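*Asks:* Supplied in structure tokens, the structure appears directly below.
Values quoted throughout were computed directly from the atomic coordinates according to the rules given, and no laboratory measurement underlies them. This one's a predicted model, so the numbers in the text were calculated from it and none came from an experiment. Heads up, the Cβs are rebuilt from the backbone with ideal geometry, glycines too, and the neighbour counts pull from every protein chain shown.
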């Protein structure tokens, strides 16, 4: 564990040194604090690698067992306040790790498309939630058949043989924004490829938009009202479901490794952004170094 902590700190320092223009910079008179931003980010990532997903548990781990490595560790309230300012830093580190991942594997041409709800509150509590209302609202999760207050994490990933898919584009939208609308407004470029999604993306205008970019959409056939699917359509739907399985496996892995879907303890917009981008950074680190 000690070697893992040191290697993680060296990596974070290297990214800070090489991408300082996009990492968060302290511009106050206290521009060189005793407890550095590099240490802060290292602690957050290290805590997740030990299976701790809450900031309080991570801070307690360092305070109880690793204080010798971080003698200037601040109080928990200061730790959280500073961590919540690190959105840009986590985006930078995540982008760096994502690039490393792209260079390490040769992905297939197929693209997988899906979304994952990040829930600040769910069920009856969703309608009374007030946290981060400038970026989140009430949406419906069809797979869990539940209303939630939060955001959606959208991902377009490339299939990889025998491995989890490689996330190529990841972005966040309000919980109420339909998956189809989110992709159309994002306008990602997918030239000469196949896009595999669910029934939510079966829309003629969207399909025409994809065809103009030499991209073919594969999605399960919808059953017409009062009619049954033919044997050929049922076989096609089973084939598409098998092709979509890796993106569902990726989201399940992401939840298991980071607990990203459960954001009930978040109390601010800044905290929500750290919850998402910080945990995505952990996921990219695991994909690169623990594939």
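*Asks:* Connecting C-alpha atoms closer than 10 Å in a GNM of the chain, tell me which of 124, 150, 264 has the biggest fluctuation.
*Replies:* Between 124, 150, 264, it is 124 that shows the largest mean-square fluctuation.
*Asks:* How far is it, in nm, from the label point at residue 161 to the one at residue 135 when both lie 7 Å from their Cα along the line to the Cβ?
*Replies:* 3.9
*Asks:* Using Cβ counts within 10 Å as a stand-in for footprinting exposure, how do 41, 80 rank, fewest first? Provide the component values of the computation, followed by the final result.
*Replies:* On the way: 41 26, 80 18.
Ordered by Cβ neighbours within 10 Å, fewest first: 80, 41.
*Asks:* With everything on Cα atoms, drop me the angle between helix 87-104 and the longest principal axis of the chain, reported from 0 to 90° to the nearest 10.
*Replies:* The angle comes out near 60 degrees.
*Asks:* So how do 140, 235, 290 line up by other beta-carbon neighbours within 10 Å, fewest first?
*Replies:* Fewest-to-most ranking of 140, 235, 290: 290, 235, 140.
*Asks:* Per residue, how big is the convex hull of the chain when only Cα atoms are used? Give it in Å³.
*Replies:* In the chain, the Cα hull volume divided by residue count equals 152 Å³.
*Asks:* Tell me, in nm to one decimal, what length is gained between residue 176 and residue 14 on full extension, where the rule is 0.36 nm per residue of separation less the Cα-Cα distance?
*Replies:* 54.4 nm
*Asks:* Using 0.36 nm per residue, how much length does the chain from residue 168 to residue 207 gain when fully extended, once their Cα-Cα distance is taken away?
*Replies:* Working: separation 39, 0.36 × 39 = 14.04 nm, distance 2.03 nm.
Separation in residues times 0.36 nm, less the Cα-Cα distance, equals 12.0 nm.
*Asks:* Kirkwood hydrodynamic radius, the range 108-276, all distinct C-alpha pairs: what's the number in Å?
*Replies:* In the range 108-276 this quantity evaluates to 17.0 Å.
*Asks:* Please give the FRET efficiency for residue 214 paired with residue 252, using the beta carbon to beta carbon distance and R0 = 25 Å, rounded to the nearest 0.05.
*Replies:* My answer for the efficiency is 0.20.
*Asks:* Still on this model: Got a sec? How would 279, 145, 199 order by Cβ neighbour count within 10 Å, fewest to most?
*Replies:* 145, 199, 279
*Asks:* Using alpha-carbon positions, what is the distance between the centroids of the range 107-131 and the range 170-215, in Å?
*Replies:* Centre-to-centre (Cα) distance: 17 Å.
*Asks:* Have a look at 139, 226, 51 and tell me which one the Gaussian network model of the chain (Cα, springs below 10 Å) gives the largest fluctuation.
*Replies:* 226
*Asks:* Only helical DSSP H runs with n ≥ 4 go in: add -39500 (n - 2.57) per run for the chain, normalise by residue count and round the 222 nm mean residue ellipticity to 500 deg cm²/dmol.
*Replies:* Working: 9 runs with 132 residues, N = 291.
The helix contribution divided over the chain gives -15000 deg cm²/dmol.
*Asks:* From the C-alpha gyration tensor of the range 2-83, pull out the three semi-axes of the equivalent ellipsoid (sqrt of 5λ each), sorted largest to smallest, in whole Å.
*Replies:* On the way: eigenvalues 81, 50, 26 Å².
They are 20, 16, 11 Å, listed largest first.
*Asks:* Shifting gears a bit: Between residue 56 and residue 1, what length comes free when the chain is fully extended (0.36 nm per residue of separation minus the Cα-Cα distance, one decimal in nm)?
*Replies:* Details: separation 55, 0.36 × 55 = 19.80 nm, distance 2.00 nm.
Extra length from residue 56 to residue 1 when fully extended: 17.8 nm.
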